[in-house]
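Q: Input: one structure, supplied below.
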Amino acid sequence: MKKYPDKLYYLGNLDLLQSRKISIVGSRKPNQYARNLTHELCSKLSFQGVKIVSGGAIGIDAIAHKSAGASNTIMVAGTGLDTRYPSINKTLISDIEQKGLVLSQFEAGVSSKKYNFPLRNELIVALGEVLVVAYADLNSGTMRSIEYAHKMGKKVYVFPHRLGESEATNKLLRDGTAKAIYDIENFVAKFGKENKEVSEEDEFLNFCRANPNYEEVMKHDAQKLFTYELQGKIEVKNLQIHVL
């Protein structure tokens, strides 16, 4: 980092810092394709023991945290830890505080100010082994994170998008400054080491942590859906699945 924080404040489990970590960032308004791939990537990395680092914002950040599961994610806040920002994600942030880890370089009482977030983004990039950019427009704030990664000598990975979509990541591919994730299984295999102790039950619950809709879970495993609902492990609200 250009300048390391004098102090870091935290809520949660510091042991997560000892695991392999990947930083994932992107637009607050990604397309459905990017949403789906982010969910698949983060859930599979989490299943292999890799922790996900992101910023708790709406869009790609929130999808990454939810897909990995609160206990497998590190959120870096742009405010003091007495504020859950953005408020729309306060339930998610509270869950990460209790089961995962929330970090901040800002003391209590510091609110969401524009110049806080580049500092937060630099820390997000610094914590991860590599940076994954799921979706980004030209001149977006995500471009700053990419600059940090290049200055730190970290590899940047992106999803391949259609022309006219996620133009920033497509430009990175054209310029040769990022690598495309063409196969999620192969990418996960580079960083994860299969945990033989993780049961099939954990894999199903991990799938459900991203709050998929009822139809998606029925296709995934209808029998477990009915069984786990009866056992009180999950519930259906507004045709979405929630882990209890």
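The values are calculated or read from the model by the stated rules, or taken from the named source; none is laboratory data. Keep in mind that this is a model prediction, so the values were computed, not measured. Glycine also receives a Cβ, built like all others from the backbone with ideal geometry; neighbour counts cover every protein chain displayed. Ligands, DNA and RNA are excluded from the accessible area calculation, which covers all protein heavy atoms including side chains. Shrake-Rupley method; radii C 1.70, N 1.55, O 1.52, S 1.80 Å.
Q: Which members of the range 100-119 meet the condition of being open to solvent by less than 20 Å² (accessible area, probe 1.4 Å) and either at pLDDT 95 or above or touching a strand residue (DSSP E or B) at 6+ places or on another chain (Cβ under 7 Å) (or both)? Steps first, please.
A: First, the residues of the range 100-119 that are open to solvent by less than 20 Å² (accessible area, probe 1.4 Å): 100-104, 116.
Within the range 100-119, 100, 101, 102, 103, 104 qualify.
Q: Here's something else I'd like to know. Which of (1) free of Cβ contacts under 8 Å to residues at least 40 places away in the same chain; (2) not in a strand (DSSP E or B) does residue 108 not meet, given it meets every other one?
A: (1)
Q: Give the residues of the range 12-28 that are among the aliphatic types (A, V, I, L, M) and open to solvent by less than 40 Å² (accessible area, probe 1.4 Å), sorted by residue number.
A: Answer for the range 12-28, where residues must be among the aliphatic types (A, V, I, L, M) and open to solvent by less than 40 Å² (accessible area, probe 1.4 Å): 16, 22, 24, 25.
Q: Among the residues of the range 73-92 satisfying the criterion of being open to solvent by less than 30 Å² (accessible area, probe 1.4 Å) and closer than 16 Å to residue 211 by Cβ, which is nearest to the chain's Cα centre (by Cα)? So that I can check it myself, show each step before the final result.
A: Initially, the range 73-92 is screened for residues open to solvent by less than 30 Å² (accessible area, probe 1.4 Å), giving 73-80, 86, 89, 92.
Subset that is closer than 16 Å to residue 211 by Cβ: 73, 89, 92.
Values: 73: 7, 89: 13, 92: 12 Å.
Among those residues, the one meeting the criterion is 73.
Q: Give the number of residues within the range 111-125 that are under 21 Å from residue 101 (Cβ atoms) and outside any helix (DSSP H, G or I).
A: Of the residues in the range 111-125, 1 are under 21 Å from residue 101 (Cβ atoms) and outside any helix (DSSP H, G or I).
Q: Against the condition among the hydrophobic types (A, V, I, L, M, F, W, C), open to solvent by 10 Å² or more (accessible area, probe 1.4 Å), over 22 Å from residue 189 (Cα atoms) and not in a helix (DSSP H, G or I), how does residue 58 come out, does it pass?
A: yes
Q: Quick one: in the range 29-50, of everything that is more than 13 Å from the chain's Cα centre (by Cα) and of a type outside the set (Phe, Trp, Tyr), which residue is surrounded by the most Cβ atoms within 10 Å (Cβ to Cβ)?
A: Start the filter on the range 29-50 by keeping residues that are more than 13 Å from the chain's Cα centre (by Cα), which leaves 29-33, 47-49.
If we keep only those that are of a type outside the set (Phe, Trp, Tyr) as well, we get 29-32, 48-49.
Values: 29: 12, 30: 22, 31: 13, 32: 7, 48: 15, 49: 15.
Filtering the range 29-50 for residues that are more than 13 Å from the chain's Cα centre (by Cα) and of a type outside the set (Phe, Trp, Tyr), the one surrounded by the most Cβ atoms within 10 Å (Cβ to Cβ) comes out as 30.
Q: Which of the residues belonging to the range 61-82 are in a loop (DSSP other than H, G, I, E, B), in contact with a strand residue (DSSP E or B) (Cβ under 9 Å, 6 or more places away or on another chain) and without any contact (Cβ under 8 Å) to a residue 40 or more places away in the chain? Don't jump to the end; show me each part of the working.
A: Within the range 61-82, the subset in a loop (DSSP other than H, G, I, E, B) is 69, 77-82.
Going one step further and asking which of them are in contact with a strand residue (DSSP E or B) (Cβ under 9 Å, 6 or more places away or on another chain), we end up with 69, 77-81.
Within the range 61-82, 79 is the sole residue that qualifies.
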